[in-house]
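> Sending over a structure as structure tokens; questions will come in a sec.
The values are calculated or read from the model by the stated rules, or taken from the named source; none is laboratory data. No experiment lies behind these values; they were computed from the predicted model shown. Cβ sites come from the backbone with ideal geometry, for glycine too, and all protein chains shown count toward neighbours.
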Amino acid sequence: MVVPLDREHLLAAVERSPQAAAAHDRAGWVGLFTDDGRVEDPVGSRPHVGHEQIGRFYDTFIGPRDIRFHRDLDVVVGTAVLRDLELEVAMGPAVTMYIPAFLRYDLRETNGEWKIGELRAYWELPAMMLQFLRTGSGAVRPALSLSKGLVGNQGWRGTAGFMTGFRRVGARHQGLVTTFLDAVARKDTFAAARLLSSDAAITLGDRDPLELGELAEQLDGAGATKMTSAGPTVAVSLNSGHGRAIMFADVAWRGSAINRVRYFPG
């Protein structure tokens, strides 16, 4: 059976994820993934691979909570679906978190249907924890529940793997990306090039090479409407005369250079 490869079918496949989460349908949610599917949430933490581990991820982070997805932008390039959104996560009766995020779903055809081969979530774990703690005494019970769920479902090793999500490029790196985007938006490719590493790759999507001048044409007058960091990546939502887009910039941990730019037009 040939699976239709178009925006509507890919978005429909992705939409089953928030639907299953809202319904607290564990089997349905885990079953959306390929047998070797991966969840990296947030990017920078240790991935969950395969249905068993993905099931434990569900039991820890999704099942016990009510999660609403407030979508702002969907971008489809090839078989990748990217979402710029805000996650509304009810941690308990007195605590609701609002988390700016980007979700990336990489889909694969499996037995005549689209399944998720990889889910990557770009959001800032330190900022979320700070928001959580600022809720005061109401955070105590949800914090204990989350800690119990982490250790019980993930074990100490898995808990440590989740905690690696705290390490991400920070404000300095976001400033570097902002400076790069400002230069590109005014078509100052010389200034923009100085912010790239010597072997930096710029691509349309993941694979199609894009010259810096071509990126400047696409982002003429562009401005960032949202920026977040996860792992080594700064994710940016953009608006320009050509429309909206999402860009990922992989940044060197040390130094001041951008190693990779991936541009996904809406």
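> Checking ARG108 against (1) touching a residue at least 60 places away in the same chain (Cβ under 8 Å); (2) buried (at least 19 other Cβ atoms within 10 Å of the Cβ); (3) under 20 Å from VAL30 (Cα atoms), which test does it fail?
Of (1) touching a residue at least 60 places away in the same chain (Cβ under 8 Å); (2) buried (at least 19 other Cβ atoms within 10 Å of the Cβ); (3) under 20 Å from VAL30 (Cα atoms), only one is false for ARG108: (2).
> Could you identify the single residue in GLY112, GLY78 that is within 13 Å of PHE264 (Cβ to Cβ) and either of a type in the set (Asp, Glu) or over 16 Å from the mean Cα position of the chain (by Cα) (or both)?
Within the list GLY112, GLY78, the selection yields GLY78.
> Being in contact with a helix residue (DSSP H, G or I) (Cβ under 6 Å, 6 or more places away or on another chain), under 18 Å from ALA183 (Cβ atoms) and of a type in the set (Ser, Thr, Tyr) is the requirement here; does SER240 meet it?
When the stated conditions are applied, SER240 does not pass them.
> Continuing with the same structure: Anything in segment 90-105 that is at pLDDT 95 or above, crowded, with 19+ Cβ neighbours inside 10 Å and over 11 Å from the mean Cα position of the chain (by Cα)? List them, or say none.
Listed by number, the list holds a single entry, ILE99.
> Out of ALA230, ALA252, report the one residue that is of a type in the set (A, V, I, L, M), surrounded by fewer than 17 Cβ atoms within 10 Å (Cβ to Cβ) and outside the structural domain of ARG46 (by TED's automatic domain parsing).
The unique qualifying residue is ALA252.
> Listed residues ALA143, ALA121, ALA139, ALA127; which is within 16 Å of GLU40 (Cβ to Cβ), of a type outside the set (Ser, Thr, Tyr) and assigned by TED's automatic domain parsing to the domain that holds GLY37?
Step by step, each of ALA143, ALA121, ALA139, ALA127 is checked, and only ALA121 is within 16 Å of GLU40 (Cβ to Cβ), of a type outside the set (Ser, Thr, Tyr) and assigned by TED's automatic domain parsing to the domain that holds GLY37.
> Something else: Give segment 175-198 a look and list any residue that's in contact (Cβ under 8 Å) with a residue 24 or more places away in the chain and either farther than 23 Å from PRO265 by Cα or outside the structural domain of TRP253 (by TED's automatic domain parsing) (or both), or say none.
SER197, the sole residue that qualifies.
> Which one is modelled with the highest pLDDT among residues in segment 1-59 that are in a loop (DSSP other than H, G, I, E, B), among the charged types (D, E, K, R) and surrounded by fewer than 21 Cβ atoms within 10 Å (Cβ to Cβ)?
ASP25
> Here's a check for you: in segment 110-146, which residue that is in a strand (DSSP E or B) and among the small types (Gly, Ala, Ser) is farthest from VAL14 (Cα to Cα)?
ALA121
> Would you confirm, using the coordinates I've provided, whether VAL169 is assigned to a loop (DSSP other than H, G, I, E, B) and surrounded by 17 or more Cβ atoms within 10 Å (Cβ to Cβ)?
yes
> Something else about it: Give the residue that is surrounded by the fewest Cβ atoms within 10 Å (Cβ to Cβ), with candidates limited to residues of segment 172-207 that are in contact with a strand residue (DSSP E or B) (Cβ under 8 Å, 6 or more places away or on another chain) and part of a helix (DSSP H, G or I).
Per the criteria, the residue is THR178.
> Let me ask you something else. Give me a count of the residues in segment 128-162 that are surrounded by 14 or more Cβ atoms within 10 Å (Cβ to Cβ) and either in contact (Cβ under 8 Å) with a residue 12 or more places away in the chain or of a type in the set (A, V, I, L, M) (or both).
Matching residues across segment 128-162 total 19.
> Report yes if SER256 is more than 26 Å from ARG71 (Cβ to Cβ), of a type outside the set (D, E, K, R) and part of a loop (DSSP other than H, G, I, E, B), otherwise no.
yes
> Taking segment 60-79 as the search range and keeping residues that are part of a strand (DSSP E or B) and touching a Gly at 6+ places or on another chain (Cβ under 7 Å), which one is farthest from GLN19 (Cα to Cα)?
The selected residue is VAL77.
> Going by what's in this entry, would TYR122 be described as modelled with pLDDT of 90 or more, hydroxyl-bearing (Ser, Thr, Tyr) and surrounded by fewer than 20 Cβ atoms within 10 Å (Cβ to Cβ)?
no
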